[in-house]
1. List the number of the failed condition for residue 197; all other conditions in (1) surrounded by 20 or more Cβ atoms within 10 Å (Cβ to Cβ); (2) within 25 Å of residue 298 (Cβ to Cβ) hold.
2. All but one of (1) crowded, with 20+ Cβ neighbours inside 10 Å; (2) not assigned by TED's automatic domain parsing to the domain that holds residue 221 hold for residue 107; which doesn't?
3. Quick check, is residue 207 closer than 19 Å to residue 308 by Cβ and assigned by TED's automatic domain parsing to the domain that holds residue 135?
4. Just to be sure, is residue 253 among the charged types (D, E, K, R), under 28 Å from residue 78 (Cβ atoms) and modelled with pLDDT under 95?
5. In the stretch 25-40, which residue that is among the β-branched types (Val, Ile, Thr) and under 21 Å from residue 317 (Cα atoms) is modelled with the lowest pLDDT?
6. Just for the stretch 86-111: of the residues that are modelled with pLDDT of 80 or more and either in a helix (DSSP H, G or I) or touching an Asp or Glu at 6+ places or on another chain (Cβ under 7 Å) (or both), which one is farthest from residue 63 (Cα to Cα)?
7. Among the residues in the stretch 167-188, are any among the polar types (S, T, N, Q), closer than 25 Å to residue 298 by Cβ and surrounded by fewer than 14 Cβ atoms within 10 Å (Cβ to Cβ)?
8. Kindly evaluate residue 308 against the criterion of being farther than 23 Å from residue 170 by Cβ, within 23 Å of the chain's Cα centre (by Cα) and either of a type in the set (Val, Ile, Thr) or surrounded by fewer than 20 Cβ atoms within 10 Å (Cβ to Cβ) (or both).
Amino acid sequence: MNKKIIGVIGATGMLGQQLLKLLGTGEYIIKVAHRTKHKKIASSFVEKDYILNINSEDELGVFIKECDLIVNCTGPSYLVHDKILKKALQYHKDYIDPFGDVYLMNSLSQEQLNTSSRVVISCGDYPGFTGLIPFWIRDSFVDDIDYMELNIGFNEIISSSGICDLLLSSHMGFGKANYYYEQNQLVYNGGIINKVYDKMLEREVYISEFINNEMVEVARKLSIQRIHFGNIFFNSDNLEMMRQGYLNLMTTDNAEKIIQISNHIAADFNKRVIDEINNIYIIRVKGIKNRESIEKELYLKSKKSSKVSAFMLKRCIDSLYAKKLVQGIYRPFEVLDAKETITNMIEKNIISIVQNGEEISSCEEDWELGLI
């Protein structure tokens with residue numbers, strides 16, 4: 001059988017580099033594209049290395065026509081928007097985007113949507129991996145979930161593109177700040193920032209609620225009555241810095257100015273990274289197990305979100321072809337087996353479970369989650 005040709009655009013960025021490490025197994029033919037002449041890809045398995053201006057439709061077309069599937073690792077998504085997606089659909093190519101959400105689909109005409117392409121959106125760490133977590137909890141630990149909190153905190157060097165997309169996610173229609181989901185509707189929380197002492201982190205943290213489209217779809221799929229999703233800030237300075245950064249970004253539509261502001265925010269954020277804290281996912285669940293009500297708490301952590309995102313992308317690529325999915329738009333939880341994927345991530349030390357301050361190397365079904 002002929003090998004599929006995977007085209008990675010944005011291959012020299014943090015995410016692109018991590019993805020290439022996973023693609024170098026000989027399963028696929030790999031072609032890469034990036035904007036910087038000084039950053040050539042030194043991997044022996046890359047068949048062709050393009051210098052590409054994504055604002056040039058002709059250059060995009062030349063690269064995309066040579067591939068079967070396009071992985072968009074460029075950023076910020078706020079500025080790139082649907083340029084690459086539209087060209088992929090024009091040539092009936094499959095498309096995977098670690099961040100792009102329903103706002104991308106809303107920009108397309110019906111004619112563009114009526115393509116033979118398979119599109120997987122929001123398949124990075126957040127969104128993407130976060131959408132698998134409730135399915136993993138359901139399949140591994142409980143029979144049904146009635147209530148869920150999922151709070152995530154990132155404590156790592158972050159790119160300006162990542163900062164831009166994080167701060168402008170609400171502006172792009174990715175979700176709503178200060179809301180949670182309950183019984184099929186979004187509920188305003190009064191604009192409250194929760195300040196709590198976390199016993200595992202042994203410090204006070206600030207939680208800012210932000211219900212996103214992924215979590216709403218997950219809640220409906222699993223019939224979760226109430227779900228909260230929040231961003232964790234490890235100190236008040238970071239919270240205020242992000243809040244002010246958002247206000248600054250909202251003052252302009254100029255791309256160069258947006259990049260300049262994002263660079264400044266990223267530089268400030270990266271100075272504040274706390275050495276002893278990893279990226280953390282705090283999960284609290286109320287549900288049913290063997291017809292009995294239970295309340296559980298679970299911590300996951302990762303050292304690099306780009307490794308989580310790259311693993312998600314690689315699994316989505318594999319699944320797209322292994323399952324022979326039909327034309328359509330998918331999220332990772334519709335493409336991947338959550339339990340198998342997360343178990344594999346734990347085995348490969350991409351993420352880890354934390355219990356009583358210790359990392360757990362496996363996630364057996366009878367593993368005891370701590371009571372809230």
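The values are calculated or read from the model by the stated rules, or taken from the named source; none is laboratory data. None of these values were measured; they are calculated from a predicted model. For neighbour counting, all protein chains shown are included, and Cβ atoms are generated from backbone atoms with ideal geometry for every residue, glycine included.
1. The number of the failed condition is (1).
2. That leaves (1) as the condition not met.
3. Numbers: closer than 19 Å to residue 308 by Cβ: no; assigned by TED's automatic domain parsing to the domain that holds residue 135: yes.
No.
4. Values: among the charged types (D, E, K, R): yes; under 28 Å from residue 78 (Cβ atoms): yes; modelled with pLDDT under 95: yes.
Spelling it out, residue 253 is indeed among the charged types (D, E, K, R), under 28 Å from residue 78 (Cβ atoms) and modelled with pLDDT under 95.
5. The residue in question is 25.
6. Step by step, filter the stretch 86-111, then rank; the result is 99.
7. Looking for residues that are among the polar types (S, T, N, Q), closer than 25 Å to residue 298 by Cβ and surrounded by fewer than 14 Cβ atoms within 10 Å (Cβ to Cβ), one finds at least one in the stretch 167-188, hence yes.
8. So residue 308 fails the test.
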